[in-house]
1. Which numbered condition trips up residue 250, out of (1) part of a helix (DSSP H, G or I); (2) buried (at least 24 other Cβ atoms within 10 Å of the Cβ)?
2. Name the residue, out of 153, 104, that is on the phi < 0 side of the Ramachandran plot, over 17 Å from the mean Cα position of the chain (by Cα) and among the hydrophobic types (A, V, I, L, M, F, W, C).
3. Among the hydrophobic types (A, V, I, L, M, F, W, C) and not assigned by TED's automatic domain parsing to the domain that holds residue 217: which single residue out of 133, 146 fits that description?
4. Which condition number does residue 73 fail, the rest of (1) modelled with pLDDT of 90 or more; (2) out of contact with any strand residue (DSSP E or B) (no Cβ under 9 Å at 6 or more places or on another chain) being met?
5. Do you know which residues across segment 184-234 are surrounded by 16 or more Cβ atoms within 10 Å (Cβ to Cβ) and not in a loop (DSSP other than H, G, I, E, B)?
6. Do we have any residue at all in segment 250-262 that's over 19 Å from the mean Cα position of the chain (by Cα) and either of a type outside the set (Lys, Arg) or outside the structural domain of residue 183 (by TED's automatic domain parsing) (or both)?
7. Would you be able to say whether some residue in segment 275-296 is over 24 Å from residue 214 (Cα atoms), under 24 Å from the mean Cα position of the chain (by Cα), loosely packed, with under 15 Cβ neighbours inside 10 Å and not small (Gly, Ala, Ser)?
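The values are calculated or read from the model by the stated rules, or taken from the named source; none is laboratory data. What you see is a predicted model; the values in this text were computed from it and never measured. Please note: Cβ atoms are built from the backbone with ideal geometry, for glycine as well, and neighbour counts cover all protein chains shown.
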Amino acid sequence: MAQSRKVAVIGAGVSGLVTARELQREGHRVTVFEKSNKLGGLWVYNPQIETDPLSVDPNREIIHSSLYKSLRTNLPRQLMSFSDYPFKGEINGKILNFPGHEQVLKFLNEFAEDFGITDLIRFNAEVVRVAQIVVVIGGGPSGLDISRDIATVAKQVHLSRKPSEIGFSNLDSYANLWNHSQIDHVDESGEVTFLDGSSIHADIILHCTGYKYDFPFLETDGIVSADEDGSVGPLYKHVFPPKLSPWLSFVGIPYQTIIFLMLEVQAKWIAKVLSGKVLLPSEEEMLADVEDHNRQLEEAGIPKRHTHRLNFHEVKYMDWVAAQVGLPPVDAGIKEMHSSIYKFAAEVGYDRYRDLWDVKNLTQ
């Protein structure tokens, strides 16, 4: 017999919304806690800027927004749809394959309304402490986009990247945009020194360095930790802490994947595990799987900070999770589109592929 649980979902971003839907579909009683007054998480744009443009003052006002005004999705809308809820990406009667953040937020609001999720959200409710209860925690390209935007108005733009990132995009068409190695140090005057010994004076420093896992409200006595090196664990298949399963789970930890569909299959898996329809392996088996995963990364020379990167393995992972709940593999057309989009970007240049794809590569 299926069991009904009372479940808290922390965050009304994409992960939280799709998780709440799947939990509710399974008959669980769901409350979503959102610290702001809007749903959408990272997709809520805030035009405010921080008071300290160099980010030197630790007491500066922090603006919680990762969006920039001109942001467009770097995946086509077809890859940002849920399995039963397509992302149309329409604006003023025109369907965009790479819509802006406004259309993504509109899509999420419509999704929440159509499935009755908005009524489950407690807005302006910040979670400050979580002890062991039933909990579901939902949490390159930006730097290139922002650099090009700024280059249209700034005298000089200097882009600092890791060696593996340099060469990803041709910047020759921007006379005032330069590539640099990683930063060695920055002094209080704004003098930036790079690892290659070169230096420049910066008026503003923007951090487009990705995301850091942080769960300051979560108390597990060290059973689960978010390390400075960029990993959360131990997590079985990036979702369940073996010692606390199934009562604690994480949605949206992996990256470089078909994100919306991955969140959906993770949420379905969690919901059915809580219902008792799907069983997890034993704690020992899950820990052994985590250790094997970490050992494979180490043997392959992959840094620990990439523990949750699914690059080149994203479809295999999603198919595995889908199989746990009796769903078919990812649609072949979606797989083909996902694999081809990066090849196309490499061929025509990152700054142009979204516009050219609209014309030449429309398959759906």
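1. (1)
2. On the way: 104 fails: over 17 Å from the mean Cα position of the chain (by Cα).
Among 153, 104, only 153 is on the phi < 0 side of the Ramachandran plot, over 17 Å from the mean Cα position of the chain (by Cα) and among the hydrophobic types (A, V, I, L, M, F, W, C).
3. Numbers: 133 fails: not assigned by TED's automatic domain parsing to the domain that holds residue 217.
It is 146.
4. Of everything listed in (1) modelled with pLDDT of 90 or more; (2) out of contact with any strand residue (DSSP E or B) (no Cβ under 9 Å at 6 or more places or on another chain), residue 73 misses just condition (2).
5. 186, 192, 194, 199, 218, 226, 232, 233 - these are the residues of segment 184-234 that are surrounded by 16 or more Cβ atoms within 10 Å (Cβ to Cβ) and not in a loop (DSSP other than H, G, I, E, B).
6. The initial filter retains those residues of segment 250-262 that are over 19 Å from the mean Cα position of the chain (by Cα), namely none.
Taking every residue of segment 250-262 in turn, none turns out to be over 19 Å from the mean Cα position of the chain (by Cα) and either of a type outside the set (Lys, Arg) or outside the structural domain of residue 183 (by TED's automatic domain parsing) (or both).
7. yes
Residue-wise test of (1) modelled with pLDDT under 90; (2) assigned to a loop (DSSP other than H, G, I, E, B); (3) buried (at least 20 other Cβ atoms within 10 Å of the Cβ); (4) β-branched (Val, Ile, Thr).
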{"residue": "20", "(1), (2), (3), (4)": "no, no, yes, no"}
{"residue": "51", "(1), (2), (3), (4)": "yes, yes, no, yes"}
{"residue": "59", "(1), (2), (3), (4)": "yes, yes, no, no"}
{"residue": "63", "(1), (2), (3), (4)": "yes, yes, no, yes"}
{"residue": "68", "(1), (2), (3), (4)": "yes, yes, no, no"}
